[in-house]
Every structure is written in structure tokens, then in C-alpha cells.
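The values are calculated or read from the model by the stated rules, or taken from the named source; none is laboratory data. This one's a predicted model, so the numbers in the text were calculated from it and none came from an experiment. Here the Cβ positions follow ideal geometry from the backbone for every residue, glycine too, while neighbour counts run over all protein chains shown. In case anyone asks, the SASA skips ligands and DNA or RNA and just uses the protein heavy atoms, side chains included. Shrake-Rupley method; radii C 1.70, N 1.55, O 1.52, S 1.80 Å.
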Amino acid sequence: MEKEFVVIGLGRFGGSIVRELNKLDIDVMAIDSDEARVNEYADIATHAVIADSTDETVLKSLGIRNFDHVVVAIGDNIQASILTTLILKDLGVAKVTAKAQNDYHAKVLDKIGADVVIHPERDMGRRLAHKLSNSSIMDYLELADEHSIVEIIAGPKLQGTSLLDLDLRANYGLNIIAIKRNGHITVSPDPGEYIQQGDILIVIGHDNDLGRFESKLEDN
């Protein structure tokens, strides 16, 4: 069966999630206490509801525990975000993803049982900083435990170098998990593969090691 989602908080972040889930043909209930915001998503979400998510009785009446995944995207009221998350977990919601405004907020969300805590503004800032600091960096995705995935565009200095010669694992502790070339992607490329200018190398590793490799590319 297809999963069903709930998004609580229809600001820019929550609203964008609802729109994307709708594009993917996935059922999503959109909840906000602001009538104007709910009306905006009435024709986009499967169900759009005006409700106070800090009211346990209201959430029970919506059958919230029957949904597979609830996203708490409340951005302007930390207290409401925390209380909503706590109620959702107490009601037995299987998976709750909550947006954090800052590190303290994130710690509290984690303590009260949020399954996933995200920092969209901070993460976007980090992605942009990496892209601004190095013209070779196309995208940057932070993973857990100080590890990340980076998309690096191969410049002329890497052209004609084989993955074996580059040997990122030995030299930097990194792994190239895929190469994008001319719209096609090769997963787990052969070590004998030669890099072409314009290739996009998808590299995974510890942030410190990625930083050393990025610096080396910038030096070139």
C-alpha cells in the first residue's frame, strides 16, 4: 500500500513538501492553524485542515496515528513545534520528522522522540557555502556522523586521469560512488575508468577528507 503523509505547518518549507508530494501523486493531509494558508493548499493536498496541532483531541479526531509519516514543519513557534511533536509520538505515530530552528530546538526535538530532525536553513547555508567556495562543487549533501556526499565537476586537471590513478580512497579516504556523464550515471564505476572533462563525480566521505580534496582541486 502507498504511504500516507501529513504535513503540519504550511509555511514555505511545509508548503513545498505538500506541493512535491502532490506532484508525486502521494496522498498528503495539510494542516495549519491559519485559514488563509489552508485555503491556499485546498486544491493541492488530498485533505487540507484548519486545526491547532497542539490540541491532542483535535489530532486524535483526525486519525493522525493512522498515517505513516508526519512532518512537523512549524517554523515560527518553537513551543508549538515541540508540543506537537510530543503529542504525535505519544499518540503512536510511526515516524515523525521535525524541522528545527536552531541547535537547542533540535536537541529538544531529539529528546522527546522525533525520528528525524532537520535544519533546512542551516543545511542550505552549508550547501551554498561549499558551492561558493569552490567552483568545482556542484552540490553538497550532509549525511550523519560528519559524512557527506559531494558532486564535483571534473575540470581539465582531472581529464584523462583514471580512477585507479586518482586513488581517492588511499589518498583522501574517499570513495567515488558514481559518475554522471552526458545525462547517464554509472554506479560503482570500474577503477580503470578514465575521467573526462565535464564528468560529475559523486564522492562520499568524512567532511574533513572532503575538505582536503576540495582544497586540492581549488589549488589546481
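Quick look at the numbers
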{"read-out": "Set of lysines with alpha-carbon distance to K216 below 29 Å, sequence-local pairs under 8 removed", "value": "K131, K157, K180"}
{"read-out": "Calculated [θ] (222 nm, deg cm²/dmol) that DSSP helices of n ≥ 4 give over the chain, each run adding -39,500 (n - 2.57)", "value": "-10500 deg cm²/dmol"}
{"read-out": "Portion, in percent, of the accessible area of the stretch 1-130 that falls on carbon or sulfur, probe 1.4 Å", "value": "49"}
{"read-out": "Share, in percent, of DSSP beta bridges within the chain that are antiparallel, nearest 5", "value": "55"}
{"read-out": "Lysine pairs within the stretch 10-111, Cα separation less than 18 Å, 8 or more sequence positions apart or different chains", "value": "9"}
{"read-out": "Cα-based equivalent ellipsoid of the stretch 74-122: semi-axis lengths in Å, sorted from largest, via gyration tensor", "value": "17, 11, 9"}
{"read-out": "Exposure of L163 as accessible area (Å², to 10), given a probe of 1.4 Å and all protein chains", "value": "20"}
{"read-out": "Order by protection proxy (mean Cβ within 10 Å, highest first), peptides 196-208, 72-84", "value": "72-84, 196-208"}
{"read-out": "Listed candidates [x] 12.8; [y] 14.3; [z] 11.6 - label of the one calculated as mean projected area of the Cα convex hull in nm²", "value": "[y]"}
{"read-out": "Under 12 Å, Cβ to Cβ, from N77 - net charge with Lys/Arg +1 and Asp/Glu -1", "value": "-3"}
